[in-house]
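Please treat every number below as a calculation from the coordinates, not as lab data. Predicted, not measured: the structure shown is a model, and the values here were computed from it. In this analysis, Cβ positions are derived from the backbone assuming ideal geometry, glycine residues included, and neighbour counts consider all displayed protein chains.
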Amino acid sequence: MEDAEAERIEKAICHFQRRVEKALALEKFLIEIDFPDKLDLNDLPALEKRARLYIFIAQARYDAGDISEHELLFHKCFAIETQVHESRWTNGAYDASLKHITEKMKAVEKYHGLADDEFWLKSDAPEDYLRLSTEYDKVMEQKLLNTFVEFGATDLKELYLSNREEFDRLHDIGGKSIFLKGDIPRLKFLASSYEEEAGRAEQAGAFLAASVMLGSAIETRLIVTCLENQEKIKEVFDKLHLTNKELKSKNPVTCSLDMLIKVCSAAGWIPDYKAGGFSFSGSKMAEFLRSTRNQVHPKVKLKNSKGLVMGLEQFKDIRSAHSLLSSSLNWPNKQKQPDA
């Protein structure tokens, strides 16, 4: 047991030592590197050189703990697919492999009387054209996979071929993490991430972790609802006659979850639910999620909880409360709730 503990400590120290070394090397490299900002999309050698440098920096940032694996995959794809692969295609580097297919496709278009500025929807295209289009796409896909390998991203090629769904999922998360702007889009993405984390935790039997994530997701949804209804929120704040001590902040992003529940309940966005002769309080469900989320704090767990662990049956209450509350809020892409 003592040997195992000593080994864990040694691994932890070695990890942080490597992390510091990587972070310092990255900092030094970024100071010294002359990274070209402007691109000439017709200068393929310069594009390829820049792409390799871009990938090197992304990998160094990942090794230094600066970005996630989702962002690393997206950065690599951006450099390889957008900067190199697409530029090679537009500059005719793939013509030798594609020209015979393109000529056949043009012949089909001409045969069917399609003008140069016209195109078919996929549902309207002739079978022989669709077959050629599929052949064209396969050549392009293979060119992309070859480019992954050429630029040292064999792992991306393997993931692309073995689990395209996971490849696309990581790519989507990485892109949103990097490019999403504005509080509301970022909060919506954050809530979705919390809920996905909760799902994975539930599958693993980590019910307390899942409940904390669902509580955080509801808090995020409440913030979004407030931000999307600013005028209504101002009216509610005035009607509640809250003291400065109670309110602390009128910015939904910095409001406590307790205050968000009060405000959203007063605005009519957290309704009660009636079924089978029973009425279930939406605000109490929200408070239940808040109190469950707060069990992440040891002092709260010791003071307010009957047990020290959470089981499946207890988690079902949390999951059901989350489902009901999230279905009532402006989330996602619902029309705004009518004023209460």
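Summary table
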| read-out | value |
| --- | --- |
| Within-15-Å neighbourhood charge of M285 [Cβ basis; K, R +1; D, E -1] | +3 |
| Chymotrypsin sites (Phe, Trp or Tyr not before Pro) within the stretch 104-213: DSSP coil, no more than 13 neighbouring Cβ in 10 Å | F119 |
| Cα-based shape type of the stretch 180-244, given that a ≥ b ≥ c are square roots of the gyration tensor eigenvalues and the cut on a/c is 1.5 | oblate |
| The stretch 89-139: Cα Rg divided by the 2.2 N^0.38 Å rule of thumb | 1.15 |
| Theoretical ellipticity at 222 nm over the chain - DSSP helices of four or more residues, -39500 (n - 2.57) apiece, nearest 500 | -22500 deg cm²/dmol |
| Reachable lysines, given that their alpha-carbon falls under 24 Å from the alpha-carbon of K239 and they are not under 8 places away in the same chain | K248, K250, K262, K284, K336 |
| The stretch 213-313: C-alpha gyration tensor shape, a/c 1.5 cut-off, then a/b vs b/c | oblate |
| Charged-residue dipole, Cβ positions (Lys, Arg, Asp, Glu), the stretch 183-328 about Cα centre, Debye nearest 20 | 420 debye |
| J(HN,Hα) series, the stretch 124-135, from Karplus relation 6.51 cos²θ - 1.76 cosθ + 1.60, nearest Hz, glycine and proline x | 9, 5, x, 4, 5, 6, 4, 5, 5, 4, 5, 4 |
| Extension reserve of the D172-E5 stretch, reckoned as 0.36 nm per residue once the Cα distance is removed | 56.2 nm |
| Gyration tensor verdict on the stretch 33-179 (Cα atoms; rounded if a/c is under 1.5, prolate if a/b is larger than b/c, oblate otherwise) | prolate |
| Whole-Hz ³J(HN,Hα) from phi, Karplus 6.51 cos²θ - 1.76 cosθ + 1.60, for the stretch 297-303, glycine and proline x | 8, x, 5, 5, 4, 5, 7 |
| Per-residue HN-Hα couplings for the stretch 195-206 [Karplus 6.51, -1.76, 1.60; θ = phi - 60°; Hz; x = Gly/Pro] | 5, 5, 4, 4, x, 5, 5, 4, 4, 7, x, 8 |
| Cα point-scatterer Debye curve for the chain, base-10 log of I(q)/I(0) at q = 0.10, 0.12 Å⁻¹ | -0.91, -1.07 |
